[in-house]
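A.B. asks: Input: one structure, supplied below.
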Amino acid sequence: MRNQDTSISVVICGEAGQGVQTIESLLTRIIKVNNFHVYATKEYMSRIRGGSNSTQIRVDSGPVRAPVQRIDVAVLLDAGALPHLRWRFSAHTVIIGERQALGTFSESIIDVPFSTIAQELGNPLYANSVAVGVLCGLLAIVEERAAREIEKFFTGKPAEVIVANQDALRRGYSCSADIRRRRGCFPWQIPQSDAKIAEEIVLNGAESVGMGALAGGCNFVSSYPMSPSTGVLTFLATQARRFNVIAEQAEDEISAINMAIGAWYAGARALVTTSGGGFALMEEGVSLAGMLESPLVIHLAQRPGPATGLPTRTEQGDLDLALYSGHGEFPRVIFAPGSVCEAFWCAQQAFAVADKYQIPVFILTDQYLMDSYYNHPVFDVSSLEVSPRSVATDKNYQRYRLTPDGISPRGIPGNGNGLVRVDSDEHDERAQITEDRLVRTQMVEKRLKKMTALQAEAVPPRVTGSTTYRIALVCWGSTRLIVEEACARLERDDLAVLHFRQVYPLHADTAAYLRRAEQLIVIENNATGQFARLLQMTTGVPVSEKILKYDGLPFFVDELTERLRIVLTGGDHGDRE
Amino acid sequence: MATENSFDPGKIDIAWCPGCGNFGILRVLKDSLSELQLSPQDVVIVSGIGQAAKLPQYIKAHMFNGLHGRALPPATAIKAVNPRLTVIAASGDGDMYGEGGNHFMHTIRRNPAITNLVHNNMVYGLTKGQASPTSARGFKTPVQVEGTISEPFNPLAVAIALDASFVARVFIGDMAQTKSVLKQAIQHRGYALVDILQPCVTFNKINTFQWFREHTYRLEDSYDPENRAAAFQRAIETEKLPLGIIYRCAQKKTFNENLAVYAEDDTPLWQRPFVRERLAELVQTRR
């Protein structure tokens, strides 16, 4: 991890539907095929048209995988963009906009007539390619290579549209030459990387969870659309035919989760994908899975609550919700991937664990992870297997047969001569309803017994930075790469990041990991430090400081670095316990 | 009277009140399944919660006894995941029309090939005598002390309005007709609703066996269940309730027939292999 930020941070901001998305897709593609590392994330309002949405793109010769608050180049597409982004500008920010579109215009803004050029070329939509041309020019990307990508990007469109977009790109390039002359400091020279970045893959968190689910053998998804979890449903729906997936949009989340449990019962491997409010409706189903001992995979993409909250923004506010969801006592597992790549493996693993232990398993993500992406090596799926654990039944089959580890062989109807009987009432080994106090006690213990093996299988925290750390930066879920980059920037040999991608149950050595540090700083994208509480409750190790953020945005690397610096030098910007 | 039936679980403790209409429904269902030459391994009975929802506990077959109001979503999913199973969702009027009302509507829209039995006794039994969605106006209970004020839910009219593919009402006092309708419902290709009128001998002193006998009639032999407007006319009759297959719309595609996974064959999902190569290809598309 580099300690100095050599990357270039480009932010494009405009109304919803104005082309931010197109510029982002095209520009990141061009950057990647030109063998630069690229990262992108977006923040947007809960509306279909209008408002102010922005995308940040970071480019570098080394891996870039986290957002920064700093903006090197801002492209403003409408009047609302300036007030929306101004707080992130510095004296060094190059601000590009079109005088006529911005309303207020100051001399610090470089006027690029995107729409005038587009009009000249015959269609206002070409403004996007002009903007891409300007940015590629500033990044010193070879013009012909960019033009080639334009052609690929618009494959299927009429030839004249492709040519016009290429012309628009070239016009953008010449604007960038003017900017360079005026500002003198361009182009930035990003050293070429020797990595084969062009060979790498780029996908966002939503696609990664979806792909990981397929890798786990997912063949049934039932859900109700809710930001920011819908991307996973959409992704799986597009793969339905190829991967034998049944993708059903349920009438509500209650139906969705009950369908998923029914699907597992009949031999499918089912997923629900939802966000906090939708998950609140699903809770009865989590409890049902607990009682039926049904496998179940729940993808919970967090957004700020309570209630409707900030529908399109990010927060790590639902750990407690997932942890305590569902009435009654039964085992569960909660994964919280720390990167797009981990999202793939967590989703894959969630299916394996759910199937093996016959329990609900959560994949806890958030809007930030869903909507972020960067280049990384191809997932190696060459040794991946899906080995369903269900068994063929014989005629004496008992679904809830008592076993030493609490796991009863799970049959499915239609495979074997036995009958597969499950009941949400307390039941005996044959699933007959009972109120016998001894059977009740046995069954409670049978279900909870699985915790022993689950704990033994738990994923330990990932340690980066100093191996002999005196101070530990503790985080979970989507903040990992942000915290790791901030840690590297601090350049201290007593500092390490402990990232938990499994937050429940915690690995048995968790207390030992924590005790190795004299100072524990827990970093969370929420207001109350839910994970810090869980750590203290589970391990008894006190947390020294909490760095929390709950404005609906993810942490920025530079922002977090500064907050850490203050805490580490004894300032009081952390929330002292 | 009792004959050998492969769905008979043998000696078991049944939690229903003596004289309850549920006994008749249990008997007719077991006989219907048996007469249709099905084996217990072919049949999944899904239920919600309530006295009616204990039905699968008393039948030898696969059983999914889920949550209150939630029989239809898992039943739909089970049939979708394994089209070769015969799936029956059975529960009471409170479960299907109250707690599960939303699922009732949307299951009809999906048209999965499942049989939906609703034990309709117009009262809540297990929670001790409150009004159900089908209770008549003025029906007095410990909660509706001045009498029920809401319009009773009309499941048949709702189902026909949604163009359900099979809509029937029977009275458990007429076991012969009940069995005949039930067998047709189970064999029907698509969603089949059978609203079964039954008395609650403990909590409903109004809608008794006698009351149902006096307030129902069998649809005449000449009745054409494929005429939707006429069916709706019958469904909204209140003086005397018609019994039989009120509406049928056979040519509708089922939920499974609309699923891409069954475009070529009906192999259950659990028998389909995981193809790693396809995943590797998919990963490569993100380059």
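The values are calculated or read from the model by the stated rules, or taken from the named source; none is laboratory data. Quantities reported herein were computed from a predicted structural model and do not represent experimental measurements. No Cβ is skipped: glycine too gets one built from the backbone with ideal geometry, and neighbour counts run over all protein chains shown.
A.B. asks: Being touching a helix residue (DSSP H, G or I) at 6+ places or on another chain (Cβ under 9 Å) and not charged (D, E, K, R) narrows it down to one residue among A:Q455, A:Q502; which is it?
C.D. replies: Numbers: A:Q455 fails: touching a helix residue (DSSP H, G or I) at 6+ places or on another chain (Cβ under 9 Å).
Testing whether each residue is touching a helix residue (DSSP H, G or I) at 6+ places or on another chain (Cβ under 9 Å) and not charged (D, E, K, R) leaves just A:Q502.
A.B. asks: Do any residues in region A:194-206 that are at pLDDT below 90 have Cβ atoms under 9 Å from those of residues that are in a helix (DSSP H, G or I), where the two are at least six apart or on different chains, and which pairs are they?
C.D. replies: A:A198/A:K32; A:A198/A:V33
A.B. asks: I need a count of the residues in region A:262-287 that are closer than 17 Å to A:D355 by Cβ and touching a Gly at 6+ places or on another chain (Cβ under 6 Å).
C.D. replies: 2
A.B. asks: Follow-up. Looking at region B:34-59 only, could you name the residues that are touching a Ser or Thr at 6+ places or on another chain (Cβ under 8 Å) and either buried (at least 22 other Cβ atoms within 10 Å of the Cβ) or at the interface with chain A (Cβ under 7 Å from one of its Cβ atoms) (or both)?
C.D. replies: B:P40, B:V43, B:V44, B:S47, B:G48, B:I49, B:G50, B:A52, B:A53, B:K54, B:L55, B:P56
A.B. asks: Continuing with this model, one more query. Is one or more of the residues making up region B:104-111 within 14 Å of chain A (Cβ to nearest Cβ) and of a type in the set (F, W, Y)?
C.D. replies: Scanning region B:104-111 turns up at least one residue that is within 14 Å of chain A (Cβ to nearest Cβ) and of a type in the set (F, W, Y).
A.B. asks: What are the pairs with Cβ atoms under 6 angstrom where one residue, in region A:549-576, is surrounded by 19 or more Cβ atoms within 10 Å (Cβ to Cβ) and the other, located anywhere, is modelled with pLDDT under 95 and in a loop (DSSP other than H, G, I, E, B)? Sequence gap at least six, or different chains.
C.D. replies: Filtered contacts from region A:549-576: A:R563/A:H573; A:V567/A:G574.
A.B. asks: Just one of the numbered conditions (1) surrounded by fewer than 23 Cβ atoms within 10 Å (Cβ to Cβ); (2) under 23 Å from A:F556 (Cβ atoms) is not true of A:N525; which one?
C.D. replies: (1)
A.B. asks: What number of residues within region B:210-236 satisfy the criterion of being of a type in the set (V, I, T) and either loosely packed, with under 15 Cβ neighbours inside 10 Å or out of contact with any Leu (no Cβ under 8 Å at 6 or more places or on another chain) (or both)?
C.D. replies: Total satisfying the criteria: 1.
A.B. asks: Further question on the same structure: State yes or no: is A:A140 touching a residue at least 40 places away in the same chain (Cβ under 8 Å), at positive phi and either of a type in the set (F, W, Y) or in a loop (DSSP other than H, G, I, E, B) (or both)?
C.D. replies: Answer is yes for this residue.
A.B. asks: Quick one: A:V422 ticks every box in (1) within 14 Å of another protein chain (Cβ to nearest Cβ); (2) hydrophobic (A, V, I, L, M, F, W, C); (3) assigned to a loop (DSSP other than H, G, I, E, B); (4) closer than 26 Å to B:S47 by Cβ bar one, so which box is it?
C.D. replies: The one condition A:V422 does not meet is (3).
A.B. asks: Answer with yes or no whether B:G125 is buried (at least 24 other Cβ atoms within 10 Å of the Cβ), in contact with a Ser or Thr (Cβ under 9 Å, 6 or more places away or on another chain) and at pLDDT below 95. First the steps, then the outcome.
C.D. replies: Values: buried (at least 24 other Cβ atoms within 10 Å of the Cβ): yes; in contact with a Ser or Thr (Cβ under 9 Å, 6 or more places away or on another chain): yes; at pLDDT below 95: yes.
So B:G125 fits the description; yes.
A.B. asks: Go through (1) surrounded by fewer than 23 Cβ atoms within 10 Å (Cβ to Cβ); (2) touching a Pro at 6+ places or on another chain (Cβ under 7 Å) and name the single condition B:G19 misses.
C.D. replies: Among (1) surrounded by fewer than 23 Cβ atoms within 10 Å (Cβ to Cβ); (2) touching a Pro at 6+ places or on another chain (Cβ under 7 Å), B:G19 violates only (2).
A.B. asks: Identify the residue in region B:22-72 that is part of a loop (DSSP other than H, G, I, E, B) and in contact with a Pro (Cβ under 8 Å, 6 or more places away or on another chain) and, among all such residues, is nearest to A:E283 (Cα to Cα).
C.D. replies: B:G66
A.B. asks: Hey, another quick one. Among the residues of region A:146-183 satisfying the criterion of being among the aromatic types (F, W, Y) and in contact (Cβ under 8 Å) with a residue 40 or more places away in the chain, which is farthest from A:D111 (Cα to Cα)?
C.D. replies: Once the filter is applied, the top-ranked residue is A:F153.
A.B. asks: Among the strands (runs of 3 or more DSSP E) lying completely within region B:172-287, list those that include at least 1 residues that are on the phi > 0 side of the Ramachandran plot and away from chain A (no Cβ under 14 Å).
C.D. replies: B:241-248
Condition check ((1) touching a strand residue (DSSP E or B) at 6+ places or on another chain (Cβ under 7 Å); (2) more than 14 Å from chain B (Cβ to nearest Cβ); (3) touching a residue at least 12 places away in the same chain (Cβ under 8 Å); (4) over 30 Å from A:V112 (Cβ atoms)) across all residues:
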site: A:Q192; (1), (2), (3), (4): no, yes, yes, no
site: A:G210; (1), (2), (3), (4): no, no, yes, yes
site: A:A213; (1), (2), (3), (4): yes, no, yes, yes
site: A:C218; (1), (2), (3), (4): yes, no, yes, yes
site: A:V221; (1), (2), (3), (4): yes, no, yes, yes
site: A:S229; (1), (2), (3), (4): yes, yes, yes, yes
site: A:V232; (1), (2), (3), (4): yes, yes, yes, yes
site: A:F235; (1), (2), (3), (4): no, no, yes, yes
site: A:Q239; (1), (2), (3), (4): no, no, yes, yes
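A.B. asks: Evaluate the following for B:I196: is it surrounded by 17 or more Cβ atoms within 10 Å (Cβ to Cβ) and farther than 17 Å from B:N120 by Cβ? Break it down into steps so the answer makes sense when it comes.
C.D. replies: Working: surrounded by 17 or more Cβ atoms within 10 Å (Cβ to Cβ): yes; farther than 17 Å from B:N120 by Cβ: no.
When the stated conditions are applied, B:I196 does not pass them.
A.B. asks: Being more than 27 Å from A:V483 (Cβ to Cβ) and touching a Pro at 6+ places or on another chain (Cβ under 6 Å) is the filter here; which residues of region A:29-65 pass it?
C.D. replies: A:S46
A.B. asks: Need the failing condition index for B:Y97 against (1) modelled with pLDDT of 95 or more; (2) at the interface with chain A (Cβ under 9 Å from one of its Cβ atoms), just the number.
C.D. replies: Status for B:Y97: all satisfied but (2).
A.B. asks: Now for a different question. Counting only residues that are in a helix (DSSP H, G or I) and within 14 Å of another protein chain (Cβ to nearest Cβ), how many does region A:341-387 have?
C.D. replies: Of the residues in region A:341-387, 9 are in a helix (DSSP H, G or I) and within 14 Å of another protein chain (Cβ to nearest Cβ).
A.B. asks: Let me ask something else about it. A:Q442 versus (1) in contact (Cβ under 8 Å) with a residue 40 or more places away in the chain; (2) under 29 Å from the mean Cα position of the chain (by Cα); (3) surrounded by fewer than 19 Cβ atoms within 10 Å (Cβ to Cβ): which is the lone unmet condition?
C.D. replies: Status for A:Q442: all satisfied but (2).
A.B. asks: Just checking, how many residues over region A:266-312 are buried (at least 22 other Cβ atoms within 10 Å of the Cβ), of a type in the set (D, E, K, R) and out of contact with any Ser or Thr (no Cβ under 8 Å at 6 or more places or on another chain)?
C.D. replies: 1
A.B. asks: On to the next question. So, of the residues in region B:77-94 that are outside any strand (DSSP E or B) and more than 7 Å from chain A (Cβ to nearest Cβ), which turns out to be farthest from B:C20 (Cα to Cα)? Lay out the reasoning, then the answer.
C.D. replies: Taking region B:77-94 and keeping what is outside any strand (DSSP E or B), we get B:77-85, B:93-94.
When the remaining residues are screened for being more than 7 Å from chain A (Cβ to nearest Cβ), the result is B:79, B:83, B:93-94.
Values: B:K79: 30, B:P83: 34, B:D93: 15, B:G94: 17 Å.
Once the filter is applied, the top-ranked residue is B:P83.
A.B. asks: Might you let me know whether region A:403-413 holds any residue that is more than 31 Å from the chain's Cα centre (by Cα), in a loop (DSSP other than H, G, I, E, B), at the interface with another protein chain (Cβ under 10 Å from one of its Cβ atoms) and of a type outside the set (F, W, Y)?
C.D. replies: Within region A:403-413, not a single residue is more than 31 Å from the chain's Cα centre (by Cα), in a loop (DSSP other than H, G, I, E, B), at the interface with another protein chain (Cβ under 10 Å from one of its Cβ atoms) and of a type outside the set (F, W, Y).
A.B. asks: Can you tell which of B:T267, B:T254 is among the hydroxyl-bearing types (S, T, Y) and surrounded by fewer than 20 Cβ atoms within 10 Å (Cβ to Cβ)?
C.D. replies: Working: B:T254 fails: surrounded by fewer than 20 Cβ atoms within 10 Å (Cβ to Cβ).
Checking each option against the conditions leaves just B:T267.
A.B. asks: Taking A:E491 as the residue in question, decide whether it is loosely packed, with under 15 Cβ neighbours inside 10 Å and either within 20 Å of A:R332 (Cβ to Cβ) or not acidic (D, E) (or both).
C.D. replies: no
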